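A.B. asks: My questions will all concern the structure given below.
The values are calculated or read from the model by the stated rules, or taken from the named source; none is laboratory data. Just so you know, these numbers come straight off a predicted model, no measurement behind them. Neighbour counts run over all protein chains shown; Cβ positions are idealised from the backbone, glycine included. We work out accessible area using only protein heavy atoms, side chains counted, and drop any ligands, DNA or RNA first. Shrake-Rupley method; radii C 1.70, N 1.55, O 1.52, S 1.80 Å.
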Amino acid sequence: SQQGEEDPQALSIQEGENATMNCSYKTSINNLQWYRQNSGRGLVHLILIRSNEREKHSGRLRVTLDTSKKSSSLLITASRAADTASYFCATAAGNNRKLIWGLGTSLAVNP
Amino acid sequence: DTAVSQTPKYLVTQMGNDKSIKCEQNLGHDTMYWYKQDSKKFLKIMFSYNNKELIINETVPNRFSPKSPDKAHLNLHINSLELGDSAVYFCASSQGDPATQYFGPGTRLLVL
């Protein structure tokens, strides 16, 4: 069953601005992952944050996790046109092999 | 080198036909998955195999039958194709814990 929900569903910003996407989930998790999907391509893993972590950075990406609110956010700083894509959160529980996916946020970065 | 590959990339077929999609990964992973992504981009897990053993079998019509001849390959056979089967089918693989998944490029299936 689908558990994650991202918001906003769509986001349009100018190059250089920051983009923030949020993800909420319903049950306890072991970790939460963010993936990017460029148009017509497969998903690419961006970053994973474990349930005992609160914040994680990777390049221009910053992910936070609030297990008390069952929510996560993905911040992309100094966005570029190449960041235009759909972004999905996915949560893992139990043996971690099954990921529960959100509906995605469609990000458009205008040059 | 392609990590997770799928064939064919595009598949256009008539209702009622039977078709297969193939997936191969050269990452040495022990777990492979099939996903269906609909036109609204909702990603739904269909099946997963770990070392050739079926470990995830979601509510999928039994017209869909996965087959894993070895841990590097996972194929999907679809019988009696229906219009609603039109979607993009993704193969993915993972290893260990936590299980970050690596996706193939997708197979775009259009049933006419």
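A.B. asks: What percent does the relative contact order of chain B come to when contacts are Cα pairs within less than 8 Å and at least six residues apart?
C.D. replies: 37
A.B. asks: Calculate log10 I(q)/I(0) of segment A:5-110 for q = 0.11, 0.19, 0.23 Å⁻¹, where I(q) comes from the Debye formula with a single equal point scatterer on each Cα and nothing for solvent.
C.D. replies: -0.30, -0.90, -1.28
A.B. asks: Here's another thing I want to ask about it. How big is the dipole moment of the protein assembly as shown about its Cα centre under a simple scheme where the beta carbon of each Lys and Arg is +1, that of each Asp and Glu is -1, and everything else is neutral? Debye, nearest 20, please.
C.D. replies: Computed about the Cα centre, the dipole is about 80 debye.
A.B. asks: Another question, if that's okay. So how exposed is B:LEU112, as accessible area in Å² (1.4 Å probe, rounded to 10)?
C.D. replies: Surface open to solvent at B:LEU112 totals about 100 Å².
A.B. asks: For segment A:1-59, which trypsin sites (Lys or Arg not before Pro) are both in a DSSP coil and crowded by at most 16 other Cβ atoms within 10 Å?
C.D. replies: Passing sites in segment A:1-59 are A:LYS26, A:ARG41, A:ARG54.
A.B. asks: Along each principal axis of its Cα atoms, how long is the protein assembly as shown end to end? Whole angstroms, biggest number first, please.
C.D. replies: 48, 37, 34
A.B. asks: On to the next question. Report for the protein assembly as shown the percent antiparallel among DSSP-assigned beta bridges with both residues inside it, nearest 5.
C.D. replies: 90
A.B. asks: Distances longer than 15 Å among the Cα atoms of chain B: what percent of all pairs is that?
C.D. replies: 61
A.B. asks: When DSSP assigns beta bridges and you keep just the ones with both residues in segment A:1-106, what percent turn out antiparallel, to the nearest 5?
C.D. replies: If I count the DSSP bridges inside segment A:1-106, around 95 percent turn out antiparallel.
A.B. asks: Treating cross-link reach as a plain straight distance, find the lysines whose alpha-carbon is under 22 Å from the alpha-carbon of B:LYS41, omitting any fewer than eight places away in the same chain.
C.D. replies: A:LYS26, A:LYS98, B:LYS9, B:LYS22
A.B. asks: Relative to the Cα centre, what is the charge dipole magnitude of chain A, using +1 at the beta carbon of each Lys and Arg, -1 at the beta carbon of each Asp and Glu, and rounding to the nearest 20 debye?
C.D. replies: Charge dipole of chain A: 420 debye, to the nearest 20.
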